[in-house]
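Q: This is the structure I have questions about; it appears just below.
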Amino acid sequence: MWKDEVLEEIYRIREEHAKAFNYDLKAICNDLRNRQAVSGKQMISKPLKQPQPSA
């Protein structure tokens, strides 16, 4: 079977990060927000598209 080494590395890093916070989603998100703030990099995101009412 074909293996994607990049994806496997991403999954491994994500698992290690989650394990470090005992799989607590709130703690994981807080850590990611803190890392983003400390990095000084500007995050650019598009606003969510609002659903269009059907005619």
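We did not get these values from a lab; they are worked out from the coordinates using the rules stated. All figures in this text were calculated on a predicted structure; none of them were measured in a lab. FYI the Cβ positions are ideal-geometry reconstructions off the backbone, even for glycines, and counts take in every protein chain you see.
Q: Among Val6, Ala27, His17, flag the residue with its Cα farthest along the positive direction of the charge dipole of the chain, charges on Cβ as +1 for Lys/Arg and -1 for Asp/Glu.
A: Ala27
Q: Within the chain, how many lysine pairs that are 8 or more places apart, or on different chains, have C-alpha atoms less than 29 Å apart?
A: 6
Q: Further, regarding this structure: So if R0 is 30 Å, what FRET efficiency would Trp2 and Leu32 give, r being the distance between their Cβ atoms, rounded to the nearest 0.05? Let's see the in-between values first.
A: Values: r = 30 Å, r/R0 = 1.01.
With R0 = 30 Å, the Cβ-Cβ based efficiency is 0.50.
Q: Any idea what the dipole of the chain comes to, in debye rounded to 20, about its Cα centre with Lys/Arg Cβ at +1 and Asp/Glu Cβ at -1?
A: So the dipole magnitude of the chain works out to roughly 380 debye.
Q: Two decimals, Cα atoms only, Kirkwood Rh: what is Rg/Rh over the chain?
A: Expressed as Rg/Rh, it is 1.17.
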